[in-house]
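For reference, the structure is listed below as structure tokens.
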Protein chains: 2
Amino acid sequence: MIVPRLIERKRDGGTLTASEWRELIHAYSAGDVPDYQMSALLMAIFFRGMTRTETDAFTDAMLSSGARLDLSDMSVARLDKHSTGGVGDKVSLILAPLIAELGVAVPMMSGRGLGHTGGTLDKLEAIPGFRTDLSLAAARKQLDRIGCALIGQTGEIAPADKKLYALRDATGTVEAIPLISASIMSKKLAEGLTGLVLDIKSGSGAFLPELDREIELAKTMIELGADRGCPVVALVTAMDRPLGNTCGNALEVRESIEFLRGNPPDDLAIVTSALGAEMLLLAGAASSHEDAHAQMRDAIMSGRAAERFRAIIAAQGGDPNVVDDISLLPSAPVQIEYRAARDGIVQHVTPRPIGHGVVALGGGRRTMSDAVDLRVGFDILVKPNSVVAAGDVIAIIHAADNAGASIGRGVLEEAVAIGDAAVEVLPLVSHRITSGSVERL
Amino acid sequence: MIVPRLIERKRDGGTLTASEWRELIHAYSAGDVPDYQMSALLMAIFFRGMTRTETDAFTDAMLSSGARLDLSDMSVARLDKHSTGGVGDKVSLILAPLIAELGVAVPMMSGRGLGHTGGTLDKLEAIPGFRTDLSLAAARKQLDRIGCALIGQTGEIAPADKKLYALRDATGTVEAIPLISASIMSKKLAEGLTGLVLDIKSGSGAFLPELDREIELAKTMIELGADRGCPVVALVTAMDRPLGNTCGNALEVRESIEFLRGNPPDDLAIVTSALGAEMLLLAGAASSHEDAHAQMRDAIMSGRAAERFRAIIAAQGGDPNVVDDISLLPSAPVQIEYRAARDGIVQHVTPRPIGHGVVALGGGRRTMSDAVDLRVGFDILVKPNSVVAAGDVIAIIHAADNAGASIGRGVLEEAVAIGDAAVEVLPLVSHRITSGSVERL
């Protein structure tokens, strides 16, 4: 294997064989191929793509670089949900206890926030004491006992992907569909799932703002899963405005708890229950979409979903009382109301500046080594097309200090505009993609 | 300067400003930008190219990363020739003493062989004692004294280019026109030239086998030179067969000495004198092509060119007696005749397998750290369209041992074919490219 020749072949539009990919990923993991050769190859992949066979081999090589959760002796279905990442996206926090409560095991492996999107692990750590660094063995025990474990990518799982992801982040090679697909699927397949639901965000705040590329990404992951005994269904959901009313780690935990207690904002309810229904259907735990929605409603209104969240929090070292008393969550010392400057109709609530705004307030990361202030962020009480009067409170800034509050005001001035006409927004759930079909909803 | 953002901008078809390129090259030279980011950027440049302004800034940043020969107080013209690299290309060895003898200073900076093409520095070192590691100060003194210095790229000259070139070689990012142009011109401009002649090889053995890309490369270098007070003229010459009758370091020195003594093979004479004439014209040392050719003929036939080569060899620590007695050059212990297997017409003498064959015999490098056996190579006594009879000696293999001789036979079987019909070959000198014109000759 002469690496520069492999790079040149990919660069010139050729393909590498499955065994070349295997050998390459193995050698890279072992430190025998330097980062500078791998990053040049990654950039060539960005431009040239990968064939299906190459993506398969690449995924399998990353998967086999580490350990996997062996859940094959579990009798219940194992489902996870993966989102391509958005602003205000706290769906995982809600679905994990809700779906587990309905008899489906949820071995959920999540990431940390980077750039304008938040990460589930950071949000969970806003719960005092909550630990996400479970070993695979501990996660397995917890799954048997309470049907859910919320973990990060341990060093055991797909270490080649972990090393590659850090390199991609540093070299402008993140946004390549085969690389994204292989990265996500190698980790998800290591969870021992019997099914996976993808939340493909569309709109300006999405990771890949072009819808056709998002759909291509979904199809690639669906094919990778189908061939490996893990059926995948994807929904395309709106990310032209933040999801729900909160952006920021502790604030999103608060909104998730309110959801589990039966008080969700409408948009978050629609997106979360659509994704949850797909999980229940893939698991064979619901007979129809209607049945799935009824089961979820019942689990919430009966208090069982909230109770399951208490159990998960307790199992992972957190204070379960936060579910009953959200004042136990960390809160920002400075909370400032932000008011509408005029009468009118909200024209847009743009997710990217808000996501970057949370980072600017200290609540996210510019690099993986940054510390995160879990308390800060925004309550945003309006949506595009909300009718407001001058002086109405349209947002609350949660900041560490007055300087942060001032940054927050600037962010909201950029992200929220008030005008006179109604505006078009994306449907909350626009497409359902399965193996072989893209259905417009 | 956030490097991943710069990489993404180039990747997505944008441009970097002159000051961004300056800062980036400076930081890379200083070790503040890691190789893995630079190689991803180089691959993005491979796909996206560079604007003229970017190539300018990139070239200037590499040029200013090191020292330059300050020859501005020299009264005579300073010319160099650069070839894009071919098999059997010993033109530099001949032109350096020949043009210096005609009153033009030749500060010639050359490279080592890599891949299928040889390097002038290796060839020179086949002369017992010859040293090419002159400092810039020593080169300057020698230029004043005998009008020529044959040196390598010292650590002083364009160190950023030296570091980048090694990275490009390891990452499949060599063949990008702006990168090639900037690399060559940053070194050539550091020589303090008043003019430069480019030998752009075309055909299957050329560095970039597509002629239009070769012409684009020439035009880019011509523009870079023109703007920096160094007029450049390029000739496109044939590399669909080796140039001259020898391939291999000591063998090519032998052929160069025979040339300077008045016994050149026809093809080598035509290409060398065409390039030499352009050097003399650019220097103002000849009034016309005819005048230039007459001057060169006279310098050779009078023995003055050979005498100048003796002086250069002596100045650089070599044994000048090789010019009178080629048996002083190192020679291979095994020399085997290779004969035509049938009557017929030579169909092709393919340069790449022969170039790679010299490497396989030990006479070239796979990586820059390989040692080179200067003795080995091929005499190839036929050209495409030569008429041969079965049993005629058509080549001599020069090898270190019998195993090498056997490799050499395999190489010649691949590279030389005998058939029945005449074949088309490229004209030896096909195009003359100047600032603003591409003239077909």
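Quick notes
- Under 5 Å from the amide H of A:Ala417 lie the amide H atoms of A:Gln347, A:His348, each residue being 5 or more positions distant or on a separate chain, with H modelled from the backbone and absent for Pro and chain starts.
- Label 7 Å beyond Cα on the Cβ vector: B:Val425 copy-to-copy distances, nm: 7.6
- Residue-averaged 222 nm ellipticity for chain A, from DSSP H runs of 4+ at -39500 (n - 2.57), nearest 500: -13500 deg cm²/dmol
- Accessible-area composition of the stretch A:3-49, carbon plus sulfur, in percent [1.4 Å probe]: 44 percent
- For the stretch B:330-419, carbon and sulfur atoms together expose 52% of the accessible surface, with a 1.4 angstrom probe and every protein chain in place.
- Viscosity 1.002 mPa s, 20 °C: Kirkwood-radius Stokes-Einstein D of the stretch A:1-140 over Cα pairs, µm²/s: 118 µm²/s
- Here the Debye sum runs over all C-alpha atoms of the stretch B:229-370 as equal scatterers in vacuum, and log10 of I(q)/I(0) at q = 0.14, 0.17 Å⁻¹ comes out as -0.91, -1.22.
- Taking only alpha carbon atoms, the stretch B:136-196 gives an Rg to Rh ratio of 1.05, where Rh is the Kirkwood radius.
- Convex hull volume of the stretch A:1-68 per residue (C-alpha atoms, cubic angstrom): 79 Å³
- Taking 7 Å steps out from each Cα toward its Cβ at A:Ser19 and B:Asn402 produces label points 3.4 nm apart.
- Note on the protein assembly as shown: Rg/Rh from Cα positions, Kirkwood definition for Rh, rounded to two decimals, is 1.11.
- Net charge of Cβ neighbours under 12 Å - reference A:Pro333; Lys, Arg +1; Asp, Glu -1: -1
- Occluded residues from the stretch B:159-200, i.e. those whose accessible area drops by 40 Å² or more once the chain is not alone (1.4 Å probe): B:Ala170, B:Thr171, B:Gly172
- Per residue of B:428-437, other chain Cβ atoms within 10 Å of the residue Cβ number 0 on average.
- Hull volume in cubic angstrom per residue (convex hull over the Cα atoms of chain A): 137 Å³
- From the alpha carbon centroid of the stretch B:32-97 to that of the stretch B:299-376 is 27 Å.
- Net dipole in debye of the stretch B:3-49 [+1 Lys, Arg Cβ; -1 Asp, Glu Cβ; about Cα centre; nearest 20]: 180 debye
- Interface residues of the stretch B:1-26, defined as a loss of at least 40 Å² in heavy-atom accessible area between the chain alone and the complex of all protein chains with a 1.4 Å probe, are B:Arg11.
- A point 7 Å from Cα along Cα→Cβ stands in for A:Glu156, and the other copies hold the same point at 6.1 nm, listed in rising order.
- Accessible surface, per residue, of the stretch A:74-231 when the full set of protein chains is kept, probe 1.4 Å, Å²: 27 Å²
- Over the stretch B:323-382 - Rg/Rh using Cα atoms and the Kirkwood inverse-distance radius: 1.04
- Scanning residues 5 or more positions from A:Ser83 or on other chains, those with amide H under 5 Å from its amide H are A:Asp199, with H placed 1.01 Å from N in the peptide plane.
- Degrees, to the nearest 10: A:52-63 long Cα axis against longest axis of chain A: 80 degrees
- Largest-first ellipsoid semi-axes for the stretch A:298-338, taking √(5λ) over the Cα gyration tensor eigenvalues, angstrom: 25, 15, 6
- Within the same chain, lysines fewer than 8 places from A:Lys201 are excluded, and of the rest, those with a Cα less than 18 Å from its Cα are A:Lys81, A:Lys90, A:Lys219, A:Lys383.
- Entry for the stretch B:119-265 at q = 0.09, 0.12, 0.19 Å⁻¹: log10 I(q)/I(0) = -0.34, -0.63, -1.52, Debye formula applied to identical alpha-carbon scatterers, no solvent contribution.
- Förster radius 60 Å - calculated FRET efficiency between A:Ser435 and B:Arg339 (Cβ-Cβ, nearest 0.05): 0.40
- For the stretch B:330-419, the C-alpha radius of gyration divided by 2.2 N^0.38 Å, with N the number of residues, is 1.09.
- Heavy-atom accessible surface of the stretch A:285-419, averaged per residue, reaches 45 Å², computed with a 1.4 Å probe.
- Each copy carries a label point for B:Ser327 at 7 Å from Cα toward Cβ; from one copy, the others' points are 10.7 nm away, ordered from shortest.
- Summed over both chains, the contact between B and A buries some 1800 Å² of accessible surface at a probe radius of 1.4 Å.
- Per-residue ³J(HN,Hα) for the stretch B:283-288, Karplus 6.51 cos²θ - 1.76 cosθ + 1.60, θ = phi - 60°, Hz, x for Gly and Pro: 7, x, 9, 9, 8, 7
- Carbon plus sulfur fraction of accessible area for the stretch A:249-315, probe 1.4 Å, in percent: 49 percent
The values are calculated or read from the model by the stated rules, or taken from the named source; none is laboratory data. Bear in mind the structure is a predicted one, so any value in this text is a computation, not a measurement. Note that each Cβ is placed from the backbone with ideal geometry, even for glycine, and that neighbours are counted across all protein chains shown. Keep in mind that these areas ignore ligands, DNA and RNA; they rest on the heavy atoms of the full protein, side chains included. Shrake-Rupley method; radii C 1.70, N 1.55, O 1.52, S 1.80 Å.
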